[in-house]
Amino acid sequence: LENVKRLEELVTDLVEISRIETGELQMNYDYFNIYTLLNDIHKDAKQRNSNKDIKIQLEVPDKKLFIYGDKSRLEQVIDNLLSNSMRYTDQGHIRIKVLRRDNELVFSIVDTGIGISRKSINRIFERFYRTDNARSRAKNGTGLGLSIVNHIIKAHGSTVKVESRLGEGTEFSFELGVYSKD
């Protein structure tokens, strides 16, 4: 059953990345409240978190921030980054953070996990690439998630940035324009 689930996940991710790369996948842009989306993801992550040594926090400066983007794809991005943080963090915290900088929102997923080596950071967005730490820990994953994240964020006119230190943690971040404050 576990192998069937992994195979299903791999096929789903392959179809997804193929559709993105060929331009077949259309983005559905609209205005939406980012706090509502992040709060739902946060609640779900807390329920999925079986490790009581990890505290998952949500830090959003304003509950009335709206952005223009594909809500379901941005949910996929945040969920993927958060799932990775949960997979590679044994203790400490994971923060879903939003900072407002002028007309931009900076989204970050920050963890106190195992970190990523400098040599691997240059390759983590490649299809099927898994860091040595990921392979040695025998964690589930298809090796396609960060590639999909990268494509979705590029389609939103931004770039995913990564900062990491082995044994200290990792921060993935990207910026999106803020629409309004109602």
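In segment 143-159, of all residues being touching a Lys or Arg at 6+ places or on another chain (Cβ under 8 Å) and surrounded by fewer than 20 Cβ atoms within 10 Å (Cβ to Cβ), the one that is modelled with the highest pLDDT corresponds to Ala155. Condition check: in a loop (DSSP other than H, G, I, E, B) and either surrounded by 13 or more Cβ atoms within 10 Å (Cβ to Cβ) or hydroxyl-bearing (Ser, Thr, Tyr) (or both). Does Ile116 satisfy that? Against the criterion (in a loop (DSSP other than H, G, I, E, B) and either surrounded by 13 or more Cβ atoms within 10 Å (Cβ to Cβ) or hydroxyl-bearing (Ser, Thr, Tyr) (or both)), Ile116 qualifies. When the strands (runs of 3 or more DSSP E) confined to segment 1-96 are screened for residues that are within 23 Å of Phe174 (Cα to Cα) and among the basic types (Lys, Arg), those reaching at least 1 such residues are found at 54-59.
Of the set (1) within 24 Å of Tyr179 (Cα to Cα); (2) at pLDDT below 90; (3) open to solvent by 90 Å² or more (accessible area, probe 1.4 Å), all apply to Tyr31 but (2). If only residues of segment 97-113 that are part of a loop (DSSP other than H, G, I, E, B) and more than 17 Å from Ile34 (Cα to Cα) are counted, the one that is most open to solvent (accessible area, probe 1.4 Å) is Thr112.
Results for (1) loosely packed, with under 12 Cβ neighbours inside 10 Å; (2) free of Cβ contacts under 8 Å to residues at least 12 places away in the same chain; (3) over 15 Å from Thr112 (Cβ atoms), shown as yes or no for each residue.
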residue	(1), (2), (3)
Gln47	yes, yes, yes
Ile54	no, no, no
Leu74	no, no, yes
Asn80	no, no, yes
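The values are calculated or read from the model by the stated rules, or taken from the named source; none is laboratory data. Keep in mind the model is a prediction, meaning the values are calculated, not measured. Heads up, the Cβs are rebuilt from the backbone with ideal geometry, glycines too, and the neighbour counts pull from every protein chain shown. Protein only, heavy atoms only, side chains kept; ligands, DNA and RNA dropped before computing areas. Shrake-Rupley method; radii C 1.70, N 1.55, O 1.52, S 1.80 Å.
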